[in-house]
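Read-outs: derived from the displayed coordinates by stated rules, not from any lab. Here the structure is a predicted model, which is why all the values come from computation and not from measurement. Glycine gets a Cβ as well: all are built from the backbone with ideal geometry, and neighbour counts include every protein chain shown.
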Amino acid sequence: MSSSNASQDPRTAGNLVVDTALTLAAFLFFTWIARSHVPSEDKTIINLVGAFTGACMAGVFWLAWQMFRVVLRGQREDAQAKR
């Protein structure tokens, strides 16, 4: 890794906004999907269990998204170093 790439910080405000927006969208999607699988008639319980399930799945999504970004950045740096 060259010194110019090592000095760049991948944590920028733009990346934080994108990560937050994607994770929030994933949370809402997973919550919406999970609510239909809760075996209850009580709307409060359905929403609560759906939200807890959506939160766990959104956490996994966030981890996968971060791993994807790290791998993509590494591949781009390798391709740039080979030129």
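Some points to look at:
- Taking the numbered list (1) surrounded by fewer than 13 Cβ atoms within 10 Å (Cβ to Cβ); (2) touching a residue at least 60 places away in the same chain (Cβ under 8 Å); (3) among the acidic types (Asp, Glu) in turn, GLU77 passes all entries but (1).
- Residues located in segment 26-56, provided they are touching a helix residue (DSSP H, G or I) at 6+ places or on another chain (Cβ under 6 Å) and over 24 Å from ARG11 (Cβ atoms): PHE30, THR31, ALA34, ARG35, VAL38, SER40, ILE46, GLY50, ALA51, THR53, GLY54
- For segment 20-49, filtering for residues that are loosely packed, with under 15 Cβ neighbours inside 10 Å, assigned to a helix (DSSP H, G or I) and either over 22 Å from the mean Cα position of the chain (by Cα) or among the charged types (D, E, K, R) (or both) leaves 3.
- Filter result for ALA64 (part of a helix (DSSP H, G or I) and over 24 Å from the mean Cα position of the chain (by Cα)): no
- Hits in segment 50-74 (condition: among the β-branched types (Val, Ile, Thr) and loosely packed, with under 13 Cβ neighbours inside 10 Å): VAL60, VAL70, VAL71
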